1. Using modelled amide H (1.01 Å from N, peptide plane; none on Pro or chain starts), what sits under 5 Å from the amide H of A:Val228, excluding residues fewer than 5 places away?
2. Once the mean 1/r over all distinct Cα pairs of region A:111-209 is inverted, what Kirkwood radius in angstroms do you read off?
3. Specify the angular offset, from 0 to 90 degrees and rounded to the nearest 10, of the alpha carbon long axis of helix A:230-239 from the longest principal axis of the alpha carbons in chain A.
4. Working from Cα positions, state the angle (0 to 90°, nearest 10) between the long axis of helix A:272-282 and the longest principal axis of chain A.
5. From the helices alone, meaning DSSP H stretches of at least four residues, give me the mean residue ellipticity at 222 nm for the protein assembly as shown, per-run term -39500 (n - 2.57), in deg cm²/dmol to the nearest 500.
6. With a cut-off of 8 Å between alpha carbons and a minimum separation of six or more residues, what is the relative contact order of region B:11-86 in percent?
7. What is the Cα radius of gyration of chain B over 2.2 N^0.38 Å, N being its residue count?
8. Determine, from the Cβ-Cβ distance of A:Ala32 and B:Val37 and an R0 of 45 Å, the FRET efficiency 1/(1 + (r/R0)^6), rounded to the nearest 0.05.
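The values are calculated or read from the model by the stated rules, or taken from the named source; none is laboratory data. These figures come from a predicted structure and were not determined experimentally. All Cβ positions, glycine included, derive from the backbone under ideal geometry; neighbour counts span all protein chains shown. Heavy atoms of the whole protein, side chains included, go into the accessibility calculation; ligands, DNA and RNA do not. Shrake-Rupley method; radii C 1.70, N 1.55, O 1.52, S 1.80 Å.
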Amino acid sequence: MRHVFSVRIGPVGFRVGSDWRAPVAALRTLYAGYPTPDDGIADYNVRLSATRPWRRFIRPSVAIAGDYMLPDAAPLPLAHGLLAAEMAMNLQLALGERRFLLLHAATVERGGEAIVLTGESGAGKSTLAALLAARGWRLMGDEFALVDPETGLVHAFPRLVSLKNAAIAVVRAALPAARFGPLMAGTPKGDIRHLVPDDTAVAAMQVPARAVRLVFPRFGFAAERRTVGAGEAFVRLTQASTNYVALGERGFAAMTRFVRETPAMALDYPDADAAIAAIEAEG
Amino acid sequence: MAATRYRAPVAEGLCVAPLDDLVAIYHRASGLTHIVVAPVPELLAAMAGEWRSIEALAAAFGLADDEHAALIERLDELVAAGLVEAR
């Protein structure tokens with residue numbers, strides 16, 4: 001491909017190839033402080049290709065491809081090329097990862113202890129992770145928690161934090177000195193802007209942590225906290241894992257161990273301040 | 001025709017993990033995970049690797065005659081889930 005960019009995020013190496021310069025240039029700028037894959041060998045390849053050869057020039061739109069593909073993934077306009085790249089990188093990990101059990105979750109760490117926040121899109125994972133980072137927590141990731149089946153430890157995957165709609169202004173106010181990517185308006189997920197994880201998050205991204213608390217946040221409800229039993233946590237986490245089935249018995253063992261060792265709570269919250277206070281009280 | 005008999009996998013065929021009020025069971029033969037509650041784990045243990053009749057299972061759990069229908073329902077659910085064989 002014409003334009004190529006390689007990066008290591010946590011333990012995972014990516015190589016992104018693109019028909020266009022712009023998405024790769026954006027990745028290079030935003031991931032400037034990140035290392036390259038170990039020994040120069042990427043775990044996953046991502047391709048951003050023109051949907052038709054002439055579409056590289058006329059109404060350019062980006063098709064996502066790579067080692068692992070969803071056949072019905074819709075192409076995105078080139079203006080959203082950075083989003084396409086991020087989505088494609090996530091997809092490779094979600095479908096291809098076999099070393100770690102993947103949880104769709106944000107993770108923050110302080111003093112070697114990690115809090116894992118999991119929930120569906122819109123639950124507030126990314127926003128809460130960014131706001132906790134603003135309060136001195138280490139951002140380990142806003143999208144995937146990587147659980148090592150051998151040790152039970154959570155490994156970091158501090159990719160760019162994907163902020164949507166109202167969360168963009170909230171996080172900019174909390175982190176005025178942070179670096180952000182370009183605003184991408186009107187994507188299929190609404191307005192999106194990426195936050196670059198801070199130097200601490202990048203410098204420590206090889207350092208795993210023990211999860212001491214699992215939280216199921218839900219935004220837009222009256223404040224309420226409820227203890228979640230290991231059985232319910234197991235059911236919810238298997239639904240929140242993209243590779244649980246693929247890992248077979250290793251996944252079962254890792255998941256049962258994780259829910260037994262990690263106390264869980266459901267947290268409904270009306271605004272971010274209430275959630276942060278509740279999480280810090282638990283952590 | 002002989003009465004239906006049921007058989008569960010041998011103990012090594014399942015990985016059973018009690019999680020508070022639920023029990024997660026990994027079925028090694030199929031790679032499927034099942035989430036169950038009592039008395040399913042006890043039922044599976046009572047016929048692990050052995051063909052058992054309704055009467056034998058009912059006796060093992062001290063069930064009355066009018067409770068056999070409920071036991072058959074549970075067993076049929078386990079057959080449908082692939083955790084128990086019937087013949």
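1. For A:Val228, the qualifying residues are A:Ala264, A:Met265, A:Ala266.
2. Values: mean 1/r = 0.0718 Å⁻¹.
The Cα-based Kirkwood calculation yields 13.9 Å.
3. The two axes meet at around 10 degrees.
4. 50
5. On the way: 12 runs with 116 residues, N = 370.
Result for the protein assembly as shown: -9000 deg cm²/dmol, rounded to the nearest 500.
6. Details: 59 pairs, mean separation 13.4, N = 76.
For region B:11-86, the relative contact order is 18 percent.
7. On the way: Rg = 12.6 Å, N = 87, 2.2 N^0.38 = 12.0 Å.
Normalised Rg, Cα atoms only: 1.05.
8. Working: r = 52 Å, r/R0 = 1.17.
Calculated transfer efficiency: 0.30.
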